[in-house]
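Right, one structure below, let's go through it.
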Amino acid sequence: MGLTAAEKILKEHIVAGNFNKGEEIGIRIDQTLTQDATGTMVYLQFEAMNIPRIRTELSVSYVDHNTLQTDFRNADDHRFLQSAAKKYGLYFSRPGNGICHQVHLERFGIPGKTLLGSDSHTPTGGGLGSLAIGAGGLDIAVALAGGPFYITYPRIVGVHLTGELQDMCSAKDIILTLLKRETVKGGVGKIYEYTGPGVKNLSVPQRATITNMGAELGATTSLFPSDEVTREFLALQKRENVWQPLSADPDARYDRVIEINLDKIVPMAACPHMPDNVVEVCSLAGKKVDQIAIGSCTNSSITDLGIAADILKDKTVAENVSVGISPGTKQVLDTAVVTGIYHNFVSAGARILETACGPCIGMGFAPNSGAVSLRTFNRNFKGRSGTADASVYLVSPETAAASAVSGVITDPRTLSGIELKDYSEAVVINDNMIIPPVPEEVAAGVEVLRGPNIKPCPLGKKVGDDINAKVLIKAEDNITTDHIMPAGAKILPLRSNIPEISKHVFEAVDPHFYDKAVKYNGGIIVGGDNYGQGSSREHAALAPMYLGVKAVITKSFARIHKANLINFGIVPFTFTNPEDYDTVSEGDDLSIPDVPKTLKEGGAVIMENRSNGKKIPLSYSLDGRQVDILLGGGLLNYTKVNSGK
């Protein structure tokens, strides 16, 4: 039996475990990326391993999140990251060079390679044929040290594409259509691999939009083949030498196949406050809009901006609308200037924002109170924009630009007389904002510079014999890492200071969570389905660990967050019977006996709710390595102990 494209990469990179679906495997990581909101902690963790230089083929440290420098903290982080990159052998993408995923796609991504990134949208690289996976920062630190990355061998879902997109319909509409079908938890434990004759009709930037938002499915990653379209993209980037073909064998078998006819795709929108709350744009037509944001790692290529600029050419944005443009990279911005795209935006009244994540993570350009904001981004979680009561809709660049002119949500297919140009061959390549690694003998003399806000990474504690603790919070279904550990201009500068950022855990859900955690010396978190979806931010596990959270009990977990909990020594349990979720309340006293012995021997767990006398069976899905990590007090402790073995 033949292999899928994903299986070919996995098989070539497997270094631990058996190549069987559902079992844990360890894979060799070729490349890593970090961004500044997660990177500082990654390099502090790598530093703690006492390894002088990275052991990957290529790793890049990007600055694209914390670029709003209202005081010294973000600037100090950037200085730390640049010096750490020089010390340990990484490329450093300077502030202003652009968003990590798009820069990596343009300048570093290689078909057939594995890429691990401390950002949940790392699967963007799948648009180029890389097996690109988002993970917690500590997993990146281990990969930098040459350690394997462990995942459960995923199921492979084939997405068979036929046909061709119609005018004013886009790749964003494809992935929103898939999200409507599959939901935000439908992809957990799966890789989505795109196949079929329709693939050749999608450019690499279009493919990258789709793989980027595969993260919203909860998928391990998403992957397109590497074909002539891929080769042409790399040739335009003057990197054709790294191209190699990659596709599924003709007799490859998928666990499931989804059929999508691109001829039938129509403009779609994800309504507040979840990426799978998807409807056709035409059903929203006429709804008044206050703000429009075009960009983010999902839709800020020169192709995306070119479409929006062509729609806005010789027009003026509606008087009730504020429009912000976030170019994805300096390459995109340079190209926008020389092609006239920049002029079209400015002339129409749009504001050109920094080449950074910006509004996508609540770092500036927040909507007005009660606003309707259309964004070409990947997430519309409540409050993520920086405005708690804003209603954020996720749309394509076509829909966003059409609505900017009319002032109301507009189906772009209703436009006429629009000439869309192809700007892809006009790219301006200039890598002067990327600092390459220095020789090891030079790096040895480099001092890693750190400011007063940069604190050491706290270490986890070994799991005690019994867990006896209060329920600090009972959360609902689909709690995101934004709920657990918010982003935004207020909190992101604290990413390097765990004692301070811990004061904001669950702040938007329960402003008293921190006080309760301190009062009771930690406790237990109870959650619903798909707990911890969204961003890969390990701070959503690291900060609760610092506050003494000993276990999280849910109906189900999102993949990355569960891994992060294990990495920091927090035991992830699930309710054996989901209805038992209703028998636990905030403030209840819970007792889980003999935890280390039970996990080690694989025995049954019966939790007692001492507040109502109920006995509740719990389940856990942990292999031997994960049990050892938990009992050792987290992955950093485990790695330090086992690094010489």
Residue 208 over 21 Å from residue 265 (Cα atoms) and either part of a helix (DSSP H, G or I) or not assigned by TED's automatic domain parsing to the domain that holds residue 304 (or both): no
Residue list for the stretch 369-386, filter: surrounded by fewer than 19 Cβ atoms within 10 Å (Cβ to Cβ) and of a type in the set (S, T, N, Q): 369
Any chance residue 447 is assigned by TED's automatic domain parsing to the domain that holds residue 626, in a loop (DSSP other than H, G, I, E, B) and acidic (Asp, Glu): no
Subset of the stretch 344-372 [part of a strand (DSSP E or B) and within 15 Å of residue 96 (Cα to Cα)]: 352
Verdict on residue 585 being at pLDDT below 95 and of a type outside the set (Val, Ile, Thr): no
Criterion (crowded, with 24+ Cβ neighbours inside 10 Å, without any contact (Cβ under 8 Å) to a residue 40 or more places away in the chain and over 23 Å from residue 267 (Cα atoms)) met by exactly one of 356, 366, 336: 336
Residue match in the stretch 391-401 (condition: surrounded by fewer than 24 Cβ atoms within 10 Å (Cβ to Cβ) and either without any contact (Cβ under 8 Å) to a residue 60 or more places away in the chain or touching a strand residue (DSSP E or B) at 6+ places or on another chain (Cβ under 9 Å) (or both)): yes
The lone exception for residue 105 - which of (1) modelled with pLDDT of 95 or more; (2) out of contact with any Leu (no Cβ under 9 Å at 6 or more places or on another chain); (3) more than 26 Å from residue 486 (Cβ to Cβ) it fails: (2)
In the stretch 270-317, the residues that are among the small types (Gly, Ala, Ser) and either surrounded by fewer than 18 Cβ atoms within 10 Å (Cβ to Cβ) or closer than 23 Å to residue 364 by Cβ (or both): 270, 283, 285, 286, 293, 295, 296, 300, 301, 308, 309
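Considering only residues that are part of a loop (DSSP other than H, G, I, E, B) and of a type in the set (A, V, I, L, M), look in the stretch 259-290 and name the one that is farthest from residue 390 (Cα to Cα).
Restricting attention to the stretch 259-290, the residues satisfying the condition of being part of a loop (DSSP other than H, G, I, E, B) are 265-267, 271-277, 285-287, 289-290.
From the residues that got through so far, the ones that are of a type in the set (A, V, I, L, M) too are 265-266, 274, 285, 289.
Details: 265: 28, 266: 26, 274: 13, 285: 19, 289: 11 Å.
My answer is 265.
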Count of the stretch 44-69 residues which are at pLDDT 95 or above and either touching a Ser or Thr at 6+ places or on another chain (Cβ under 7 Å) or not assigned by TED's automatic domain parsing to the domain that holds residue 115 (or both): 6
Qualifying strands (runs of 3 or more DSSP E) (wholly inside the stretch 90-180; at least 3 residues being surrounded by fewer than 24 Cβ atoms within 10 Å (Cβ to Cβ)): 149-152, 155-162
Meets criteria (under 20 Å from residue 469 (Cβ atoms) and among the acidic types (Asp, Glu)) for residue 608: yes
Meets criteria (of a type in the set (Asp, Glu), farther than 24 Å from residue 142 by Cα, modelled with pLDDT under 95 and exposed (fewer than 14 other Cβ atoms within 10 Å of the Cβ)) for residue 601: yes
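A quick yes/no check of all residues on (1) in a loop (DSSP other than H, G, I, E, B); (2) under 21 Å from the mean Cα position of the chain (by Cα):
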| position | (1), (2) |
| --- | --- |
| 540 | no, yes |
| 564 | no, yes |
| 579 | no, no |
| 586 | yes, no |
| 591 | no, no |
| 597 | no, no |
Residue within the stretch 544-557 that is touching a helix residue (DSSP H, G or I) at 6+ places or on another chain (Cβ under 7 Å), assigned to a helix (DSSP H, G or I) and either over 28 Å from residue 380 (Cβ atoms) or outside the structural domain of residue 116 (by TED's automatic domain parsing) (or both) present: yes
Condition check for residue 230: in contact with a strand residue (DSSP E or B) (Cβ under 6 Å, 6 or more places away or on another chain) and modelled with pLDDT of 95 or more: no
Check on residue 236, touching a residue at least 60 places away in the same chain (Cβ under 8 Å) and touching a Leu at 6+ places or on another chain (Cβ under 6 Å): no
Candidates 30, 36, filtered to the one that is among the charged types (D, E, K, R), modelled with pLDDT of 95 or more and surrounded by 18 or more Cβ atoms within 10 Å (Cβ to Cβ): 30
Subset of the stretch 410-440 (residues that are free of Cβ contacts under 8 Å to residues at least 12 places away in the same chain, polar (S, T, N, Q) and more than 19 Å from residue 312 (Cα to Cα)): 432
Members of the stretch 291-343 that are in a strand (DSSP E or B) and either modelled with pLDDT under 95 or over 18 Å from residue 374 (Cα atoms) (or both): 329
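If a residue has to be assigned to a loop (DSSP other than H, G, I, E, B), small (Gly, Ala, Ser) and surrounded by 15 or more Cβ atoms within 10 Å (Cβ to Cβ) to count, how many in the stretch 457-476 make the cut? Spell out how you get there, then give the answer.
Initial filter on the stretch 457-476 (assigned to a loop (DSSP other than H, G, I, E, B)): 457-466, 475-476.
Going one step further and asking which of them are small (Gly, Ala, Ser), we end up with 460, 464, 475.
Subset that is surrounded by 15 or more Cβ atoms within 10 Å (Cβ to Cβ): 460, 475.
Final tally of qualifying residues: 2.
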Members of the stretch 232-258 found to be in a helix (DSSP H, G or I) and either surrounded by fewer than 17 Cβ atoms within 10 Å (Cβ to Cβ) or of a type in the set (Val, Ile, Thr) (or both), listed by number: 232, 235, 236, 240, 241, 242
Residue satisfying condition, being surrounded by 15 or more Cβ atoms within 10 Å (Cβ to Cβ) and under 30 Å from residue 582 (Cα atoms), within set 491, 434, 479, 409: 479
Which listed residue is in contact with a Leu (Cβ under 6 Å, 6 or more places away or on another chain), in contact (Cβ under 8 Å) with a residue 60 or more places away in the chain and part of a helix (DSSP H, G or I), from 79, 73: 79
Residue list for the stretch 211-231, restricted to those being part of a helix (DSSP H, G or I) and either in contact (Cβ under 8 Å) with a residue 40 or more places away in the chain or under 28 Å from residue 180 (Cβ atoms) (or both): 211, 212, 213, 214, 215, 216, 217, 229, 230
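Could we say that residue 72 is modelled with pLDDT of 95 or more and hydrophobic (A, V, I, L, M, F, W, C) here? Outline the logic, then answer.
Values: modelled with pLDDT of 95 or more: no; hydrophobic (A, V, I, L, M, F, W, C): yes.
Criteria not met by residue 72.
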Residues of the stretch 566-576 classified as at pLDDT 95 or above and either part of a strand (DSSP E or B) or out of contact with any strand residue (DSSP E or B) (no Cβ under 7 Å at 6 or more places or on another chain) (or both), total: 5
Members of the stretch 181-205 found to be at negative phi, of a type in the set (Ser, Thr, Tyr) and assigned to a loop (DSSP other than H, G, I, E, B), listed by number: 203
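The values are calculated or read from the model by the stated rules, or taken from the named source; none is laboratory data. The shown structure was predicted, so the numbers you read here are calculated from the model rather than taken from an experiment. All Cβ positions, glycine included, derive from the backbone under ideal geometry; neighbour counts span all protein chains shown.
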